[in-house]
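Each reported figure results from applying straightforward, stated rules to the coordinates on display, with no laboratory input. Just so we're clear, the structure is a prediction, and the values are computed from it rather than from any experiment.
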Amino acid sequence: MITALIADDSVFMRKLIGKILSDLDIKVVGEASNGYELLELIRKYSPDLIILDINMPKMDGMKVLFELRKLNINARIIVITALSQEWVRNEAVNLGVAAFIAKPFKPDKLKEVITNVIRQKTY
């Protein structure tokens with residue numbers, strides 16, 4: 001079974017994304033509200049997929065992406081964020097993100113993107 005971690009400071013968003021992942025038979029092994037929590041969970045679970053918000057307290061998603069480059073992480077990363085400026089998208093892609101989705105998003109769109117990323121397609 002495919003495993004995933006969700007990092008978003010919004011409980012509502014974590015629950016929504018978790019439901020979408022569950023509908024796709026992807027097991028959510030942990031949730032984080034900031035980058036520090038996420039890095040701990042990544043070390044603990046070595047997930048196949050990470051859903052990451054950029055704008056989070058304590059350690060934001062961009063800093064997490066920089067940290068992940070230092071680690072030997074094979075997880076596919078999907079960024080879902082309200083920060084949709086071109087430089088944010090470009091930097092995230094340069095740091096190995098498989099897909100970038102702007103908030104707000106439609107659940108069906110996220111399902112499509114997750115399915116494509118799982119199939120090893122960059123979106």
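Of note:
- Calculated from the alpha-carbon coordinates, the chain shows an Rg and a Dmax of 12.7, 34 Å respectively.
- Once you reduce region 12-33 and region 66-115 to the center of their Cα atoms, the two points are 15 Å from each other.
- GNM flexibility winner over the chain from 71, 49, 110 (Cα, springs under 10 Å): 71
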